[in-house]
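See structure below.
The values are calculated or read from the model by the stated rules, or taken from the named source; none is laboratory data. Predicted, not measured: the structure shown is a model, and the values here were computed from it. Cβ atoms come from the backbone with ideal geometry, glycine included; neighbour counts cover every protein chain shown.
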Amino acid sequence: MNDRTALVTGANKGIGKHIARLLAAEGFTVYVGSRDAGRGRQAVEEIGAGARPLLLDVTDPGSVARAAVQLDRLDVLVNNAGISPSLGAPGETPVEEYRRTYETNVFGVVAVTDAFLPALRRSPHPRIVNVSSGTSSLTWSTNPNPQFTPGSGGLVAYRSSKAALNALTVLYAQTLAGDGVKVNALAPGLRATDLNARAAAAGGDPAEAARGAVRLALLPDDGPTGGFFSWDGTPVPW
């Protein structure tokens, strides 16, 4: 009987569902976090053996608390849930769009991580993977890079929220190092998901990005922590 457990937030579709499927294939009992119960159950049916539904809205403190008490121990937490409601640049993006984006992409990660820390600390090899974005790299945003246009301010709410997530990744990694918790961020690349129409048009395979997340979830005890990595394992500059 398998005793390794994982939780993937926002796992009813896209990259999250692929991550859950791959972790289940690795022998984990995977809790498929979804704020919609029906979609969560459907994803579990599609993933098959090893998958379990977990009703979880990362923006709802009550939902987070109710989910956390259901797991005594957690080996892997993948903070995948994220939104990008606005394409706007600074000066043309309403402050409410920032609030809405940060509520999921930043505050939701803090709420879920903190709520599940007791369960993670009971694991012999706890891992946290924060799904970020290469567009959040301040280095790539301010220097010539083939992936991005220097100085481009589009997606400001999303990109700045992921930059904040990167900072949290470093700070949590430093704070939890003594507990053996490894915390890293993933840049999944442009993928064909509901999050980004341009990515969908580009046809990037979300399963490829998911493999990068699973690589970080399965890091050995001498693996890195507090890092930012592309889907292929290449370090990404902050």
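Among the numbered conditions (1) part of a helix (DSSP H, G or I); (2) touching a Ser or Thr at 6+ places or on another chain (Cβ under 6 Å), the only one that N12 does not meet is (1).
The residue pairs whose first member lies in the range 57-81 and is touching a residue at least 40 places away in the same chain (Cβ under 8 Å) and on the phi > 0 side of the Ramachandran plot, whose second member is surrounded by 21 or more Cβ atoms within 10 Å (Cβ to Cβ) and hydroxyl-bearing (S, T, Y), and whose beta carbons are closer than 7 Å, counting only pairs six or more residues apart or on different chains, do not exist in this structure.
In summary, F107 fulfils each of the numbered conditions (1) under 19 Å from S230 (Cα atoms); (2) modelled with pLDDT of 95 or more with the single exception of condition (1). V214 falls short on exactly one of the conditions (1) of a type outside the set (S, T, Y); (2) within 19 Å of T104 (Cβ to Cβ); (3) modelled with pLDDT of 95 or more, and that condition is (2). Only one of the listed residues (L138, L117) is among the aliphatic types (A, V, I, L, M), modelled with pLDDT under 95 and under 27 Å from T225 (Cβ atoms). That residue is L138.
Can you tell me which of P85, P124 is assigned to a loop (DSSP other than H, G, I, E, B), more than 20 Å from the chain's Cα centre (by Cα) and not hydrophobic (A, V, I, L, M, F, W, C)?
Numbers: P85 fails: more than 20 Å from the chain's Cα centre (by Cα).
Of P85, P124, the one residue that is assigned to a loop (DSSP other than H, G, I, E, B), more than 20 Å from the chain's Cα centre (by Cα) and not hydrophobic (A, V, I, L, M, F, W, C) is P124.
Would you confirm whether or not the range 87-97 contains a residue that is buried (at least 18 other Cβ atoms within 10 Å of the Cβ) and within 27 Å of H125 (Cβ to Cβ)? Looking for residues that are buried (at least 18 other Cβ atoms within 10 Å of the Cβ) and within 27 Å of H125 (Cβ to Cβ), one finds none in the range 87-97, hence no. Scanning the range 53-86 for residues that are surrounded by 19 or more Cβ atoms within 10 Å (Cβ to Cβ) and basic (K, R) returns no hits. Exactly one residue among A163, A65 is closer than 30 Å to G223 by Cα and either of a type in the set (K, R) or part of a helix (DSSP H, G or I) (or both), and that residue is A163.
Go through the range 114-137 and report how many residues are of a type in the set (S, T, Y) and either closer than 20 Å to R211 by Cβ or surrounded by fewer than 23 Cβ atoms within 10 Å (Cβ to Cβ) (or both).
The first filter runs over the range 114-137 and keeps only residues of a type in the set (S, T, Y), leaving 123, 132-133, 135-137.
Keeping just the survivors that are either closer than 20 Å to R211 by Cβ or surrounded by fewer than 23 Cβ atoms within 10 Å (Cβ to Cβ) (or both) gives 123, 132-133, 135.
Selection size over the range 114-137: 4.
Would you say A177 is at pLDDT 95 or above and either among the acidic types (D, E) or surrounded by 14 or more Cβ atoms within 10 Å (Cβ to Cβ) (or both)? So A177 does not fit the description; no.
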